[in-house]
Amino acid sequence: MNAQHEMSHEEITRAKLEVLRREHRDLDEAIAALSSQSLTHSLTLQRLKKQKLALKDRIARLEDELTPDIIA
């Protein structure tokens, strides 16, 4: 039997969200490691922080997409 399971839009979004959260954590660790070094690479640090903020925005958009709109 060759039964294929197609992922729903919500499952795909949740998978993307998990990947982005992992990338965000990795960037956070990289930033912390660079910050702790005596020789700081300010340009590299600035780029990593910018990437981290962009990931945070993408995470927030996906979380909003998964949260149903509730009219109060």
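Going by accessible surface with a 1.4 Å probe and the largest first, Leu17, Leu39, Leu48 read Leu39, Leu48, Leu17. Rolling a 1.4 Å probe across all protein chains gives Leu55 an accessible area of roughly 10 Å². A simple spin-label model places pseudo-atoms 7 Å from Cα toward Cβ; at Val19 and Gln37 they are separated by 2.8 nm. For the chain, the Cβ-based charge dipole about the Cα centre amounts to some 500 debye (Lys, Arg positive; Asp, Glu negative; other atoms uncharged). Asp69 contributes an accessible area of around 150 Å² to the protein surface, as traced by a 1.4 Å probe with all chains present.
Give the carbon-plus-sulfur fraction of the accessible surface of the chain in %, rounded to a whole number; probe 1.4 Å, heavy atoms of protein chains only.
53 percent
Classify the chain as rounded, prolate or oblate from the Cα gyration tensor: take a ≥ b ≥ c as the square roots of its eigenvalues, call it rounded if a/c is under 1.5, otherwise prolate when a/b beats b/c and oblate if not. Oblate shape, in that a/c is at least 1.5 and b/c is the bigger or equal ratio. Round to the nearest 10 and give me the degree value, 0 to 90, for the angle of helix 9-36's Cα axis relative to the longest principal axis of the chain. Compared with the principal axis, the helix lies near 10 degrees. Using heavy atoms of the protein chains and a probe of 1.4 Å, the accessible area assigned to Ile70 is about 150 Å². Using Cα atoms only, what is the angle between the long axis of helix 42-66 and the major principal axis of the chain, expressed in degrees (0 to 90) to the nearest 10? Long axis of 42-66 versus the principal axis of the chain: about 20 degrees.
The values are calculated or read from the model by the stated rules, or taken from the named source; none is laboratory data. This one's a predicted model, so the numbers in the text were calculated from it and none came from an experiment. Every residue, glycine among them, receives a Cβ derived from its backbone with ideal geometry; neighbour counts consider all protein chains shown. Keep in mind that these areas ignore ligands, DNA and RNA; they rest on the heavy atoms of the full protein, side chains included. Shrake-Rupley method; radii C 1.70, N 1.55, O 1.52, S 1.80 Å.
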